[in-house]
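Beneath this line is the structure, given in structure tokens, with notes to follow.
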Amino acid sequence: MTILGILLSVSGCAHQAGSQLPNSQVRDNLLGTVITVSIYEETDDSIFDDVFNAISLIEQRMSANLPDSEVAGITAAAGKSPVMVSEDTFYVIKQAYETSIASGGAFNLAIGPLVRLWGIATEAPRVPSQAEIEHVQNLLDYNAVRLSDDDRSVFLELEGMSVDLGAIAKGYAGDVAGKIVREHGVGHAILDLGGNIVTVGGRPDGTDWRVGIKNPIAGEQGYIGSIPVKDKAVVTSGIYERYFESGGDTYHHILDSKTGYPSCSELLSVSVVSNSSTDADRLTTAAFVLGLEDGMDFLKGYKNTEAVFVTTDFEIYLTPGLKDSFKLADDRFRVVGE
Ligand code: AMP
Ligand code: MG
């Protein structure tokens with residue numbers, strides 16, 4: 001499930017200037033993934049509790065699977081009544097809604113019924129029948145999600161609809177975690193939320209971190225390249241993150257609500273670099289479903305946003321801001337252009 005890794009060159013002089021070895025803590029029971037917080041300076045341990053508690057609260061509010069979450073409450077009231085939610089949840093749902101509109105439904109916050117049909121997040125995923133897919137199709141209409149700023153409420157017009165924040169909530173958690181770390185006065189840290197990377201500052205020596213772009217071939221490990229970042233988030237959507245096999249075919253977890261099937265394009269993965277981890281998360285999912293050409297066009301609408309697209313032909317496409325700084329690390333892949 002790990003998506004991206006940090007390439008930290010812990011060199012022979014790591015013991016100089018304090019230590020380059022981080023003070024790290026890991027949790028493997030939050031947001032369905034492994035979360036590692038690494039602080040590259042002296043710090044008191046309360047920072048870790050503050051970060052993990054905040055992420056836990058986000059999960060309790062936004063999980064589609066926890067029966068008491070705010071998202072579950074919205075689903076339970078679908079077709080009946082609006083549900084008032086916390087500021088956090090409303091913000092994330094609004095971002096997800098706007099991304100759905102902007103991407104023409106490539107990102108679709110109302111994709112919940114389809115995700116459930118495929119059992120994506122369960123131990124027993126399966127390929128649904130065409131009839132089952134057709135049956136949920138009218139429940140996937142993001143235009144039938146009504147948001148009211150006045151009372152921060154969310155209303156799903158049809159019974160059976162549900163919102164799924166799986167493509168954005170982890171990104172939001174990264175922003176919240178980064179903010180907490182900075183509020184503790186920390187200037188150098190790396191947060192890894194199941195492969196969503198948030199960097200706080202640069203390395204202790206002032207240089208950029210190098211974040212690895214994970215090899216997107218399912219079942220393989222390692223990195224195909226790396227990019228330099230400072231105070232940025234790097235998030236990847238890829239076919240290798242979660243998938244299952246059935247009847248000799250492989251099915252991954254990013255669905256196209258227009259076909260009802262896993263998004264089928266020429267892409268293995270899309271990574272987005274942004275100041276905001278929420279933005280990076282929502283935009284990678286949208287770009288992945290849009291495909292190489294439309295995804296690249298779509299991202300042009302967002303400032304300070306760079307991306308790495310990797311195709312099934314092992315070709316790497318970079319946005320202009322990464323052209324000179326991307327370092328290839330796997331010669332089966334080649335950088336072919338914009
Ligand atoms: P990500 O890895 O950020 O691309 O998010 C994938 C997760 O978001 C899946 O596990 C689903 O819970 C959900 N999801 C799947 N397809 C979509 C989609 N087209 N739009 C929005 N969320 C999706
Ligand atoms: Mg995403």
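Once a ≥ b ≥ c are taken as the square roots of the eigenvalues of the Cα gyration tensor of region 122-212, is the result rounded (a/c under 1.5), prolate (a/b larger than b/c) or oblate (a/b not larger than b/c)? Let's see the in-between values first.
On the way: a/c = 4.21, a/b = 1.92, b/c = 2.19.
The shape class here is oblate.
Express the Stokes-Einstein translational diffusion coefficient of region 76-124 in µm² s⁻¹, to the nearest whole number, given a Kirkwood radius over alpha-carbon pairs, 20 °C and a viscosity of 1.002 mPa s. Mind dumping the intermediate values first?
Numbers: Rh = 12.5 Å.
Value of D from the Cα-based Kirkwood radius: 171 µm²/s.
Per 0.36 nm of contour for each residue apart, how much would the distance between GLU41 and SER246 grow if the chain were fully extended, relative to their Cα-Cα spacing? Could the numbers behind the result be given before it?
Numbers: separation 205, 0.36 × 205 = 73.80 nm, distance 4.74 nm.
Residue separation times 0.36 nm, minus the Cα-Cα distance, leaves 69.1 nm.
If you project the alpha carbons of region 195-249 onto their three principal axes, what span does each projection cover, largest first, in Å?
51, 16, 12
Per residue Cα convex hull volume for the chain, in cubic angstrom?
On the way: hull volume 45.0 nm³, N = 338.
Roughly 133 Å³ of hull volume per residue.
State the dimensionless ratio Rg/Rh of region 237-288 (Rg: radius of gyration of Cα atoms; Rh: Kirkwood radius). Spell out each step's value before the answer.
On the way: Rg = 12.1 Å, Rh = 11.9 Å.
Here Rg/Rh amounts to 1.02.
Just going by the charge dipole of the chain, with Lys and Arg at +1 and Asp and Glu at -1 on Cβ, which of THR312, LEU255, ALA329 is farthest out on the positive end?
Of the candidates, ALA329 comes out farthest on the positive side.
For region 111-162, I need the span (max minus min coordinate) of the C-alpha atoms along each principal axis, in Å, sorted largest to smallest.
41, 23, 13
Just from its helices, what would the mean residue ellipticity at 222 nm be for the chain, if runs of 4 or more DSSP H residues each count -39500 (n - 2.57) and the sum is divided by every residue, rounded to the nearest 500 deg cm²/dmol?
On the way: 8 runs with 92 residues, N = 338.
Result for the chain, helices only: -8500 deg cm²/dmol.
Quick check: convex hull over the Cα atoms of region 177-292, volume per residue in Å³, rounded to an integer? Show your work: numbers first, answer last.
On the way: hull volume 12.6 nm³, N = 116.
Convex hull of Cα atoms, per residue: 109 Å³.
Between ASN53 and ARG126, what length comes free when the chain is fully extended (0.36 nm per residue of separation minus the Cα-Cα distance, one decimal in nm)?
Values: separation 73, 0.36 × 73 = 26.28 nm, distance 3.36 nm.
My answer for the length gained is 22.9 nm.
Could you work out the percent of alpha carbon pairs in region 67-162 separated by over 18 Å, rounded to a whole number? Spell out each step's value before the answer.
Details: 2142 of 4560 pairs.
Every Cα pair in region 67-162 considered, those over 18 Å come to 47 percent.
Dividing the Cα radius of gyration by the Kirkwood radius, what Rg/Rh value follows for region 29-111?
Working: Rg = 16.0 Å, Rh = 14.9 Å.
Answer for region 29-111: 1.07.
What is the sum of charges around TRP118, taking Lys and Arg as +1, Asp and Glu as -1, for the other residues whose C-beta is under 10 Å from the C-beta of TRP118? Before the final figure, lay out the partial values.
Working: positive: ARG116, ARG126; negative: GLU132.
Residues close to TRP118 contribute a combined charge of +1.
With a cut-off of 8 Å between alpha carbons and a minimum separation of six or more residues, what is the relative contact order of the chain in percent?
Values: 711 pairs, mean separation 59.6, N = 338.
Worked out over the chain, it gives 18 percent.
Full extension from HIS135 to ASP28: what is 0.36 nm times the residue separation minus their Cα-Cα distance, to one decimal in nm?
Working: separation 107, 0.36 × 107 = 38.52 nm, distance 3.59 nm.
Stretched fully, the HIS135-ASP28 segment lengthens by 34.9 nm.
Summarise the long-distance tail of P(r) for region 237-330 by giving the % of C-alpha pairs beyond 23 Å. It would help to have the intermediate numbers written out before the result.
Working: 1043 of 4371 pairs.
Distances greater than 23 Å cover 24 percent of the Cα pairs.
We did not get these values from a lab; they are worked out from the coordinates using the rules stated. What you see is a predicted model, and the numbers here were worked out from it, not measured in a lab. So basically every Cβ, Gly included, is an ideal-geometry build from the backbone, and we count neighbours across all protein chains shown.
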